[in-house]
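Visitor: Before anything else, here's the structure in question.
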Amino acid sequence: MSMQDVITDYIRDEYLEDEAQSVELDTPLISSGIVDSFSMVSLKTFLENKYNIKIPDEEATPEAFDTVRKIMELVRKFAPDAG
Amino acid sequence: MSARERKPNLGSYEDSLRDFTWNVAERELQRDEAAPFNIAYYCVDRHCSQGKGAKTALIWESMQGEVRKYDFQQMKLYSNAFAARLQELGIKKGDRVAVYLDRVPPLYFAFFGILKLGAIAVPLFSAFGEEALEVRLSDCAAVACVTSTRLVRRLRKARTSLPLLKHLLVVDAAGAEGLQDGETAFAVEQLPPVEEFPIADVDAETPSVLHYTSGTTGQPKGALHVHGSLPQQSLTTKWVLDVREDDVYWCTADPGWVTGISYGVIGPWSLAATQLVLEVGFIPARWYNAIQTHKVTVWYSAPTAIRLLMREGDEIVGNYDLSSLRHLCSVGEPLNPEAVIWSQKVFGKPFHDTWWQTETGSIMVTNFPGMVVKPGSMGKPFPGVTAAVLDEDYQPIAQPNRSGKLALKPPWPSMFRQYWNNPQTYAAKFKNGWYVTGDRARIDEEGYFWFEGRDDDVINTGGHLVAPFEVESALLEHEAVAESAAIGTPDPVNMEVVKAYVALNSGFEPSKELELSIMNFVRKRLSPLAMPQVIEFIDKLPKTRSGKIMRRVLRAMDRGEPVGDLSTLEAD
């Protein structure tokens with residue numbers, strides 16, 4: 001399963017309430033209200049567990065978590081070999 | 001003199017104290033004895049009758065950046081139409097009508113519509129999960145809830161155990177598609193126009209808003225406010241937030257909480273100011289852009305947001321023209337000195353900290369415009385407010401700089417009148433003739449108040465109070481959790497975040513996956529605010545012999561401090 005699929009599935013399962021809503025690579029997550037700033041913490045924990053990394057709080061900004069593409073860039077920064 | 005330099009509304013703090021009575025607040029409001037003492041009248045209809053109907057009341061910016069503007073005449077027509085719709089459904093004076101919406105224009109039309117009818121508005125934070133909704137809607141026996149197509153799903157789940165909740169009003173859809181029994185859908189702006197609606201003739205003691213807040217024990221409590229809160233909310237907006245009719249004012253608080261109502265609806269609109277509302281949450285670039293685009297003059301925000309802006313750095317600030325800003329204020333938790341100094345550096349003016357609570361209804365202790373700001377201080381009491389710190393016997397402490405229980409001398413106009421259905425807890429808040437706030441503070445030699453921390457177990461995260469009991473109740477519903485305790489653990493941005501100590505049922509082992517599962521479980525049941533951001537698995541919780549969890553011991557363990565006297569702990 002690609003990193004994009006892993007992250008997209010998690011967001012769909014945990015944060016989306018409307019099953020008809022889709023999450024694409026560039027769908028806004030924070031600025032659209034799908035994920036709020038407090039819920040970002042559980043998304044960050046998921047990424048850290050899944051990819052065995054530690055994302056510093058300074059890097060976990062609303063902008064860095066705003067799309068699946070940006071989240072993937074962030075993960076790869078700390079886990080260059082991850083998918 | 002430019003707008004940015006003009007004199008504050010409050011000339012001199014010392015002068016204002018002299019001979020102050022709350023009649024000053026009614027006089028400043030220009031109380032109209034012939035009109036109903038109804039918040040909706042003073043915030044909307046009166047401006048129309050005074051020829052200000054075409055003045056912009058609300059500038060709303062959507063998630064996608066679309067901007068809509070509404071003038072006071074539109075606010076009047078839409079709130080009239082909403083009130084008439086409620087009336088058609090049989091909703092009447094005194095009924096509780098909840099508002100469970102994101103920051104969208106219909107929220108404001110609905111709020112004033114509810115008040116025009118004489119019903120009681122119950123604001124609910126839009127991130128609440130089904131359990132948080134059920135507890136609050138059940139406690140106040142709400143007959144209706146105003147919501148959206150996005151949020152109605154959570155309400156449907158909660159509604160199965162709420163027989164008294166007869167109506168769900170979905171206000172962002174005109175169609176009936178997918179509606180269930182007791183649900184009605186309409187777009188407020190498309191309702192038949194109602195030019196005049198007979199505003200309920202209420203008096204100062206008629207209930208207006210029921211705000212739920214978290215206490216030391218038990219479930220959240222409904223702090224009941226009255227229409228008579230208005231003069232104080234209006235005067236504090238004028239003197240503390242320094243708002244005037246020609247201001248573009250932006251309160252970043254969500255209208256699901258008291259700040260978002262007292263100072264995101266009532267106070268500024270009583271002064272006919274223009275309010276900016278952003279649907280989007282905290283995004284630094286969007287925030288700075290909004291100040292620049294809409295030329296915000298007065299900005300009321302929270303320490304958590306300010307600290308996050310600090311983290312984003314000074315460079316981004318230089319990308320925007322923020323020269324419209326005239327006055328900055330903050331609320332929710334103590335504003336650290338570094339944040340005050342930073343705002344002076346980058347905005348050219350300090351954030352003024354304000355202190356108050358859901359129960360107080362309006363600002364009580366504050367840094368006034370024009371007053372020397374001591375960075376980190378709460379400031380001084382508002383005129384008419386008697387504040388003190390009390391010792392363990394609830395006697396005022398005369399010596400300066402001695403820590404005690406922060407207390408206020410009742411009554412004051414915007415004070416809560418009861419906890420809904422909970423007279424015992426209400427009575428317990430008053431000791432020796434004082435309202436005891438639950439915060440600790442000290443007063444320095446010059447009369448400035450300094451926040452010292454909570455005096456109870458309530459967790460303050462990002463300016464929101466979270467009750468440990470509510471978190472623990474939700475945790476117990478997770479299949480892996482045998483027992484749990486929630487405390488606040490220090491956090492550089494949010495002051496505190498929720499930390500849970502969890503003992504597992506047999507058959508479950510601590511793991512990172514289980515930790516995440518528990519976090520998400522509480523997030524969905526209650527809200528993202530209440531979600532434990534830190535979970536520590538523990539074999540057994542420290543308890544008294546009577547079985548009460550000793551959160552004091554857990555807090556000391558968390559901070560690496562001595563745990564103190566454990567003689568009352570239960571024997572192993």
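Visitor: Can you list residue pairs whose Cβ atoms sit under 6 Å apart, with the first residue in the stretch B:106-129 being more than 14 Å from chain A (Cβ to nearest Cβ) and the second being among the aromatic types (F, W, Y)? Count only pairs 6 or more apart in sequence or on different chains.
Guide: Short answer, once both residue conditions are applied: B:F109/B:Y78; B:F109/B:F82; B:A110/B:F82; B:G113/B:F82; B:K116/B:F197; B:A121/B:F111; B:L124/B:Y100.
Visitor: Now, a different point. Name the helices (runs of 4 or more DSSP H) wholly inside the stretch B:461-572 in which the number of residues that are within 14 Å of chain A (Cβ to nearest Cβ) and either touching a residue at least 40 places away in the same chain (Cβ under 8 Å) or on the phi > 0 side of the Ramachandran plot (or both) is 3 or more.
Guide: Details: elements: B:468-476, B:512-525, B:551-559.
Qualifying helices (runs of 4 or more DSSP H): B:512-525.
Visitor: Quick test of your reading of the structure: A:A20 fulfils all but one of (1) within 13 Å of chain B (Cβ to nearest Cβ); (2) crowded, with 16+ Cβ neighbours inside 10 Å; (3) not basic (K, R). Name the failing condition by number.
Guide: For A:A20, the failing item is (2).
Visitor: Additional query: Being out of contact with any strand residue (DSSP E or B) (no Cβ under 8 Å at 6 or more places or on another chain) and either crowded, with 22+ Cβ neighbours inside 10 Å or not in a loop (DSSP other than H, G, I, E, B) (or both) is true for just one of B:R136, B:R154. Which residue is that?
Guide: Working: B:R136 fails: out of contact with any strand residue (DSSP E or B) (no Cβ under 8 Å at 6 or more places or on another chain).
The match here is B:R154.
Visitor: Right, B:V471: over 22 Å from A:Y15 (Cα atoms), in contact with a strand residue (DSSP E or B) (Cβ under 8 Å, 6 or more places away or on another chain) and buried (at least 16 other Cβ atoms within 10 Å of the Cβ) or not?
Guide: Against the criterion (over 22 Å from A:Y15 (Cα atoms), in contact with a strand residue (DSSP E or B) (Cβ under 8 Å, 6 or more places away or on another chain) and buried (at least 16 other Cβ atoms within 10 Å of the Cβ)), B:V471 does not qualify.
Visitor: Regarding the stretch A:66-83, can at least one residue be identified that is surrounded by 14 or more Cβ atoms within 10 Å (Cβ to Cβ), under 22 Å from B:N460 (Cα atoms), within 13 Å of another protein chain (Cβ to nearest Cβ) and within 14 Å of the chain's Cα centre (by Cα)?
Guide: no
Visitor: Right, next: If B:I91 satisfies all but one of (1) within 20 Å of the chain's Cα centre (by Cα); (2) of a type in the set (A, V, I, L, M); (3) assigned to a loop (DSSP other than H, G, I, E, B), what's the number of the condition it fails?
Guide: (1)
Visitor: On to the next question. So B:D353 fits all but one of (1) part of a strand (DSSP E or B); (2) out of contact with any Ser or Thr (no Cβ under 8 Å at 6 or more places or on another chain); what number is the exception?
Guide: Status for B:D353: all satisfied but (2).
Visitor: For the stretch B:395-425, name all the residues that are part of a strand (DSSP E or B) and among the basic types (K, R). Quick ask: steps written out before the conclusion?
Guide: Residues of the stretch B:395-425 part of a strand (DSSP E or B): B:396, B:404-408, B:418-419.
Hit for the stretch B:395-425 is B:K405, nothing else.
Visitor: What pairs come up if the first residue lies in the stretch A:25-46 and is more than 8 Å from chain B (Cβ to nearest Cβ) and free of Cβ contacts under 8 Å to residues at least 24 places away in the same chain, the second is surrounded by fewer than 19 Cβ atoms within 10 Å (Cβ to Cβ) and not hydroxyl-bearing (S, T, Y), and their beta carbons are under 6 Å apart, counting only those six or more places apart or on different chains?
Guide: A:K44/A:A60
Visitor: Could I ask something else about it? Conditions: (1) within 26 Å of A:P56 (Cβ to Cβ); (2) within 18 Å of the chain's Cα centre (by Cα). B:Q275 meets all but one. Number of the miss?
Guide: With respect to (1) within 26 Å of A:P56 (Cβ to Cβ); (2) within 18 Å of the chain's Cα centre (by Cα), B:Q275 is out only on (1).
Here, each number is a calculation from the coordinates, and none is a lab measurement. Here the structure is a predicted model, which is why all the values come from computation and not from measurement. Cβ sites come from the backbone with ideal geometry, for glycine too, and all protein chains shown count toward neighbours.
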